[in-house]
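Heads up: the structure comes next, in structure tokens.
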Amino acid sequence: MTRDDAIHRAQECFDSGDFQRTLARRIAIPTESQNPARAPVLREYLEAEIRPAFEAMGFTCQILEHPKALAPFLLAERIEGPDLPTVLGYGHGDVIRGLDNEWKPGLSPWTLTEAEGRWYGRGIADNKGQHTVNMEAMRTVLATRGKLGFNAKYLIEMGEETGSSGLRELCTEHKDLLRAHLLIASDGPRLAPERPTVFLGSRGSLNFDLSIEARAGGHHSGNWGGLISNPGIQLAHAIASLVSPTGEILLPEWKPKELPASVRRALADCEVDGGEDGPEIEPWWGQPGLSPAERVFGWCSFEVLAYKTGNPDTPVNAIPPRAWARCQLRFVVGIEPGDILPALRRHLDAHGFSMVKIATTRENIFSATRIDPEEPWVQWAVASIAATSGKKPAVLPNLGGSLPNDIFTDVLGLRTVWVPHSYPGCSQHAPNEHLPPHLLREGLAMMAGLYWDLGAGATPHAQFRLNQCVTATPVR
Ligand SMILES: [Zn+2]
């Protein structure tokens, strides 16, 4: 039995309709984690769907809970030998609210439906379709080889859409249980629909508010204009001192010292393509001298998300007493997260804006993570995916968006290789979530090849001790 046999078996699993039936059953379970009434359904997904599927593959399963978590986790484990590579998988079985009434006629979030050459259903992209691909690919390797040839652990959470509460604490407490050489997981979109993609981390993100509270109330602009300061003007100037008129960040502490050569090489091969519905890229915006891929994946970006002074809905002839802005910095590895706001304070004070208050928001702070694209495990995974798909995968050192990937890199000390099976136009989190079925079929084949290769002996795992990897490998 060969690698090709495993891949053919995976394709047969798709072509026979087996994969579609399994996925349809999972989509039919309305695992809306934002809806408190669905709490029993979250557990049912693990008990009725995920546990039996893993147990049929000879995994042992346990439900893990944490007081800080709103929903349970399932850990499945199949250990074949102490000297074999160990891979941790991750996925989430919960979904965003169904928004049942907003789907196109004839579609329901809870019924996998084929229309216009697409498969529709809530969770098909985020994330049921993706972990079902990986689980079925593992099953075909097991059926072909009679064993996996590696040790597998798989963690499925049911609270990702409510912020993964308790995931960090759970991983901290169960570090030994989750010990592995690397994480192979699937979520999020490919760079472009036809381009197999791996991403290795995510940008960090920090939201904060800037405000000027000048005085208790507004004052007539005819009587007081020119005599008292205008906080709306002052805050605009303060923001203008942070970022140039063409979007270039001006604080040195908010910019990486450099774009590492390996990151630059990986991104040279990546073209940002928002698809038909995406906006046109504006080449004059952002950090000068960088390609679009370097700007969104290799650099930091600063945004003003909202700005308010006076009464925007009913303007009056008064000098407003206050101004407020919600701002955001997305940042890459190399930025010191703990110094983002202190650096801002120093900068504002030095530029005469000590009246501007800085406040953190209630939103999550995400850390930035990134693995060297030329790291041996990454090269191994990319070669495997290329061999199966016949295409050159895009390698993103990190996503432009933010994920709690530092739980895997920093808490568990893992390399993280994400192999997304979705695409940017999938409408996740909106009505009409869908995937083109050929992406799932290709994903199934790629993952069967990847898991086959993981058990075939020629992996880089012998070079590293368990969980001893990441300290040396992130590109800082
Ligand atoms: Zn989601």
Checklist entry - For segment 369-374, what does the Karplus curve 6.51 cos²θ - 1.76 cosθ + 1.60, with θ = phi - 60°, yield as ³J(HN,Hα) per residue in whole Hz, taken in order and with x for Gly and Pro? => result 9, 6, 10, 4, x, 9
Checklist entry - Under the Kirkwood approximation for Rh and a Cα-based Rg, what ratio Rg/Rh is obtained for segment 183-319? => result 1.11
Checklist entry - Using alpha carbons only, what's the Rg to Rh ratio of segment 36-78 with Rh from Kirkwood? => result 1.02
Item to check | Karplus 3J(HN,Hα) series, Hz, for segment 308-317 with 6.51 cos²θ - 1.76 cosθ + 1.60 (x for Gly, Pro) | outcome: 9, 8, x, 10, x, 6, 9, x, 10, 7
Next on the checklist: Considering only protein heavy atoms and a probe of 1.4 Å, how much of the accessible area of the chain is carbon and sulfur, as a whole percent?
Outcome noted: 52
Checklist entry - Measuring from a point 7 Å past the Cα of Asp5 along Cα-to-C-beta, which residues in segment 355-390 have an amide N at less than 19 Å? => result 388
Checklist entry - Using a Förster distance of 30 Å, how high is the FRET efficiency between Ala236 and Asn364, based on the Cβ-Cβ distance and rounded to 0.05? => result 0.60
Checklist entry - Taking every DSSP beta bridge that has both residues in the chain, what percent is antiparallel when rounded to the nearest 5? => result 70
Checklist entry - Accessible area per residue, 1.4 Å probe, Å², for the chain: what's the number? => result 42
Checklist entry - Mind checking Rg over Rh on segment 83-145, alpha carbons, Kirkwood formula for Rh? => result 1.13
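Can you tell me the convex hull volume per residue for the chain, based on C-alpha atoms, in Å³ to the nearest whole number?
164
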Checklist entry - Any idea how far apart Arg345 and Lys147 come out in nm if each label point goes 7 Å out from Cα toward Cβ? => result 5.8
Checklist outcome for this item: A correct Stokes-Einstein calculation for segment 17-155, using the alpha-carbon Kirkwood radius, 25 °C and 0.890 mPa s, returns a whole-number D in µm² s⁻¹ of 153
Checklist entry - Per the helix-only calculation at 222 nm, which mean residue ellipticity applies to the chain, given -39500 (n - 2.57) for every DSSP H run of n ≥ 4 and division by its residues, nearest 500 deg cm²/dmol? => result -8000 deg cm²/dmol
Next on the checklist: Distance cut-off 23 Å, Cα to Cα: go down the list Lys68/Lys175; Lys104/Lys391; Lys128/Lys175; Lys104/Lys128; Lys257/Lys392 and report the pairs above it.
Outcome noted: Lys104/Lys391; Lys128/Lys175; Lys257/Lys392
Next on the checklist: Net charge around Phe54, counting only other residues with Cβ within less than 9 Å of its Cβ (Lys, Arg = +1; Asp, Glu = -1)?
Outcome noted: 0
Checklist entry - With labels modelled as points extended 7 Å from the Cα through the Cβ direction, what inter-label distance (nm, one decimal) is found for Arg21 paired with Asn311? => result 6.5
Checklist entry - Once amide H atoms are placed 1.01 Å from N in the peptide plane, what residues at a sequence separation of 5 or more from Ser422, or on another chain, have their amide H within under 5 Å of its amide H? => result Arg190
Item to check | Rough spin-label spacing in nm, given labels placed 7 Å along Cα→Cβ, for Glu303 and Glu44 | outcome: 3.7
Checklist entry - In whole Hz, what ³J(HN,Hα) sequence does segment 258-268 give by Karplus (6.51, -1.76, 1.60; θ = phi - 60°), x for Gly and Pro? => result 7, 9, x, 4, 5, 5, 4, 5, 5, 6, 4
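The values are calculated or read from the model by the stated rules, or taken from the named source; none is laboratory data. All values derive from a computational prediction rather than experimental measurement. Here the Cβ is made from the backbone with ideal geometry for all residues, glycine too, and neighbour counts use every protein chain on show. Heads up: the accessible areas ignore ligands, DNA and RNA and are worked out on the full protein's heavy atoms, side chains in. Shrake-Rupley method; radii C 1.70, N 1.55, O 1.52, S 1.80 Å.
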